[in-house]
Amino acid sequence: MNLVKKGEQLAVDYLLDKGYFIIERNYRFQKAEVDIIAKKEGLLIAVEVKTRSSNEFGNPQDFVNPKKIKLLVLAIDNYVVEKKLDIDVRFDIIAITKEKKGFNMNHIKDAFLFF
């Protein structure tokens, strides 16, 4: 299993453990992909998983740039319309860094707001 897939599976396991319900994985719309779409406490949560082998070039969450955010918003907007949902949406990032003895995970809730 490559590092990206391993990171996504770690994130799913973490979210399930925290009481989230996983609805979709790797939802694609046009050029966008939402790694995980989950639900918890009446919220639809779009989760971007960023996995890195080290922090040498910055923290994983630093790689979620404005273009990526725009694509995520576009994709989740389409998902909500496609599924005819009336629900509030939150955008989270799960940043995972590989370490000598396992992985370090940082769950950033409400990672960015959109207007």
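Taking region 50-79 on its own, how many of its residues are assigned to a helix (DSSP H, G or I), of a type outside the set (D, E, K, R) and loosely packed, with under 14 Cβ neighbours inside 10 Å?
Looking only at region 50-79, we keep the residues that are assigned to a helix (DSSP H, G or I), and these are 60-63, 66-79.
Remaining after also requiring of a type outside the set (D, E, K, R): 60-61, 63, 66, 69, 71-76, 78-79.
Within this subset, residues satisfying the condition of being loosely packed, with under 14 Cβ neighbours inside 10 Å are 66.
Adding up the residues that qualify gives 1.
Determine whether region 36-47 contains at least one residue that is buried (at least 19 other Cβ atoms within 10 Å of the Cβ), β-branched (Val, Ile, Thr), within 13 Å of the chain's Cα centre (by Cα) and more than 18 Å from Lys5 (Cβ to Cβ).
Yes, region 36-47 contains at least one residue that is buried (at least 19 other Cβ atoms within 10 Å of the Cβ), β-branched (Val, Ile, Thr), within 13 Å of the chain's Cα centre (by Cα) and more than 18 Å from Lys5 (Cβ to Cβ).
Select from region 1-35 the residues that are in a strand (DSSP E or B) and over 10 Å from the mean Cα position of the chain (by Cα) and list them in ascending order.
Matches in region 1-35: Phe21, Ile22, Ile23, Glu24, Tyr27, Arg28, Phe29, Ala32.
Tell me which residues, restricted to region 14-35, are open to solvent by 80 Å² or more (accessible area, probe 1.4 Å), of a type in the set (D, E, K, R) and at pLDDT 95 or above.
Asp17, Lys18, Arg25, Arg28
Would you point out the residue of region 80-112, among those that are part of a strand (DSSP E or B) and among the small types (Gly, Ala, Ser), that is surrounded by the fewest Cβ atoms within 10 Å (Cβ to Cβ)?
The selected residue is Gly102.
The values are calculated or read from the model by the stated rules, or taken from the named source; none is laboratory data. All figures in this text were calculated on a predicted structure; none of them were measured in a lab. Cβ: placed from backbone, ideal geometry, glycine included. Neighbour counts: every protein chain shown. For the accessible areas, the whole protein counts, side chains as well, though only heavy atoms, and no ligand, DNA or RNA atoms are used. Shrake-Rupley method; radii C 1.70, N 1.55, O 1.52, S 1.80 Å.
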